[in-house]
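Below you'll find the structure, written out as structure tokens, and then a few comments.
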Amino acid sequence: MQPETRTAEPSVGQLFADLSHQMTTLVRQEVRLASTELSQKASRVGREVAILAVGGLVAYAGFLALVATAVLLLGQVVPWWLAALIVGLVVAGIGYFLVQRAIGALQRTDLAPRQTVETLKEDITWAKEQTS
């Protein structure tokens, strides 16, 4: 007869220690993932804002030339002060519309770490399975 070979099963304390270690590691990894995800999104937004600013400055210079042209042309028909007032009101109206549109777009921008949220949900499910 062969002697029985028993595999030593870990104790409950050892299982909880292993689970605690795994959860700690998992939480650290999730924090790193959230940090990486947020920094990538912030970097992308920063680049786009910089490009937007430069493009806006160049467009602004051209726009000022067009505004001056409009005032000069309208000044041929109405008094100069009225031409400047009309063009100024039109420009201010367009500017208001553009600012409101940009504010709305920025409010809709999603900067939440969606990938991290999803993996945290998976981690919670995993932890529940491990403890049941």
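Taking 0.36 nm per residue of separation and subtracting the Cα-Cα distance, full extension of the segment from Thr109 to Ile94 would add 3.1 nm. Shape summary of the chain, radius of gyration then Dmax from alpha carbon positions: 31.6, 118 Å.
Using a cutoff of 8 angstrom between alpha carbon atoms and counting only pairs six or more residues apart, the relative contact order for the chain works out to 40 percent. Look at where the Cα atoms of the stretch 2-64 and of the stretch 111-132 average out, and the two centres are 13 Å apart.
Throughout, read-outs are computed from the coordinates displayed, never taken from laboratory work. Being a predicted model, the structure only gives us computed values, none of them experimental.
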